[in-house]
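Report on one structure; see the data block that follows.
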Amino acid sequence: MIPLLSGSAAHMLDKLSWSSSANPPPIPRWGLEPYEHEPAHGFFLRLAALNGQQATPAFAMSLGLNGRNIDPQQMLQFCKQLPIPGTERLCAATPSIAKSSVYIRGEHLRLGRDWSIRHRRYCLACLNEKSFHRFWFDLPIVRVCPIHQIELASERRSMKWAWHYPLQTSDMAICKTDAALTKADPGLRFSSYILGRLGVLQPSRISLLDNLRLSEAVYLCSIIGKMLIHGWKPAESSRHESSQDQQFMEAGHNFLDENGSLSDLLERHIRESPYCVDGVFGCKDIQKNLGWWYYALYTKQYRRGLDFLMEDTNRVLEKFGACRRLRRKFPVAENEPSAREIATALGLRIDEVIQLAKWNSRIPECGLEEFEAETIKRRSSRMISAETAADVLGVSRKRFASMRSHGIFAPVIKDAGGKSGQYDRNEIEEILATIKSRVPTLSKSAGLVDFDIYRAKACCSYSKAVADVLSGAVAVDGWDITKPGLQAVLVSAPVRTRNYSGRGRLPKHPSPRIAQVL
């Protein structure tokens with residue numbers, strides 16, 4: 001139970017007129033501080049309740065705040081002026097609203113759909129322990145309480161945290177008997193993923209979703225779940241549309257969490273179209289062939305993050321003969337039945353088999369297929385992930401991605417279907433072998449620098465330095481056997497470097513080791 005304010009401090013907020021440019025009069029500390037995960041508008045509800053206020057909007061407007069449409073940042077600025085400790089907790093849990101977007105803890109959400117104070121849920125067990133508002137109560141996409149693993153209640157009559165009615169201490173007894181505290185289904189894991197990205201729980205990794213903004217990840221899970229549950233037939237409108245969205249999100253998240261193939265799912269979805277007969281479209285209209293999936297895919301708000309879905313969809317449409325333009329873009333392989341058989345035998349996707357068949361380490365993307373089971377099996381056994389390839393080279397993931405963009409190497413199997421790209425181990429190891437073969441027999445150690453210092457003195461990127469060594473433009477003069485991968489390469493310092501002192505500027509944030517040699 002929250003202790004009430006005592007004596008003259010009980011109604012002190014009623015006499016306080018506040019504005020963003022004026023500080024409040026000196027008030028003694030109240031012994032009240034924000035809880036962890038409590039936003040500013042939730043803390044203001046507690047202030048209203050402890051001051052005996054019955055209508056929070058009127059109380060907010062009497063203090064010069066917007067009581068009709070809540071602005072969480074305005075509430076935060078108001079709470080910062082109060083003589084209370086722990087305002088950093090309010091800053092961490094209070095969202096920022098910009099037009100139709102909501103930003104909280106570095107993540108982007110949709111206003112109204114993903115974040116809303118009009119359709120809040122709440123956890124009865126949380127309110128029974130401590131009666132304060134948690135920021136995830138404002139997220140309609142969160143279905144399960146991360147602390148107690150029970151489904152959040154959303155009945156209007158039991159909602160004690162509505163904006164117009166602050167929680168009174170007498171309501172605590174009602175909260176205990178409002179509903180049974182039932183455990184949630186263990187299959188409801190999407191809420192844990194969301195709260196993991198928001199820093200409440202330990203984050204769970206799904207590569208396809210982790211590369212998207214949180215709002216895009218929510219939308220992707222929703223349309224994948226809708227495809228799994230309803231198929232090509234559009235869902236009928238229902239009064240419980242929010243509960244249907246929750247089911248779609250859970251189904252889509254579980255599908256991606258179990259490494260489901262989006263390409264195979266798209267193919268099954270399009271085969272259900274009434275315009276597809278015996279694997280061939282009788283109608284050339286793409287909108288009719290895709291049904292509701294067309295409008296879900298071409299939404300402008302999420303088009304940037306769903307480019308990979310458009311690519312897979314166009315490929316499947318061309319396979320079924322949807323239009324001539326796509327046929328020119330994605331030519332059908334002559335040996336596709338053989339590719340399907342090999343994919344089934346090796347447990348791979350068809351597109352992975354085709355990429356392995358076309359791969360040539362000397363001529364990438366050569367377009368010459370070798371559909372031999374032994375060849376595909378041998379190549380697939382050499383595939384490694386991006387993390388493993390970066391460890392072999394002894395570089396970070398960021399530098400590994402930069403080297404890939406620079407064209408030093410290329411993935412054999414591209415990112416698709418919730419799986420990260422795969423690389424040829426032999427090609428990665430050949431980069432190190434090529435550099436090591438150029439080390440002179442009598443190598444010197446004086447005056448040699450590694451790639452970090454070389455790129456700083458030569459004013460070039462790490463990838464450019466590695467590419468110059470591989471092309472022979474920069475000679476390899478030594479090898480440090482105590483360091484792994486590319487960290488062991490030693491080259492001579494560049495003869496001519498940019499004169500920073502002459503221009504009056506230095507490189508941005510050099511490390512102490514690099515700054516010492518500059």
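The values are calculated or read from the model by the stated rules, or taken from the named source; none is laboratory data. Not measured: the values here are computed from a predicted model. Cβ sites come from the backbone with ideal geometry, for glycine too, and all protein chains shown count toward neighbours.
Quick notes
- No other residue among Ala401, Ala389 is at pLDDT 85 or above, more than 26 Å from Val316 (Cβ to Cβ) and buried (at least 17 other Cβ atoms within 10 Å of the Cβ) apart from Ala389.
- Criterion (modelled with pLDDT of 85 or more and under 18 Å from Ala386 (Cα atoms)) met by exactly one of Ile431, Ile435: Ile431
- Each residue in region 443-473 was checked for being small (Gly, Ala, Ser) and in a helix (DSSP H, G or I), and 6 pass.
- Enumeration of residues in region 464-484 that are touching a Lys or Arg at 6+ places or on another chain (Cβ under 8 Å) and more than 14 Å from Ile435 (Cα to Cα): Lys464
- Subset of region 188-199 (residues that are hydrophobic (A, V, I, L, M, F, W, C) and modelled with pLDDT of 90 or more): Ile194, Leu195, Leu198
- Leading residue by the ranking (modelled with the highest pLDDT) among those in region 358-386 that are crowded, with 16+ Cβ neighbours inside 10 Å, among the hydrophobic types (A, V, I, L, M, F, W, C) and more than 11 Å from Ile428 (Cα to Cα): Ile376
- Filter result for Asn259 (in a loop (DSSP other than H, G, I, E, B), at pLDDT 75 or above and assigned by the TED database to the domain that holds Ser222): yes
- Residue list for region 215-227, restricted to those being more than 22 Å from Arg268 (Cβ to Cβ) and touching a helix residue (DSSP H, G or I) at 6+ places or on another chain (Cβ under 6 Å): Glu216, Ala217
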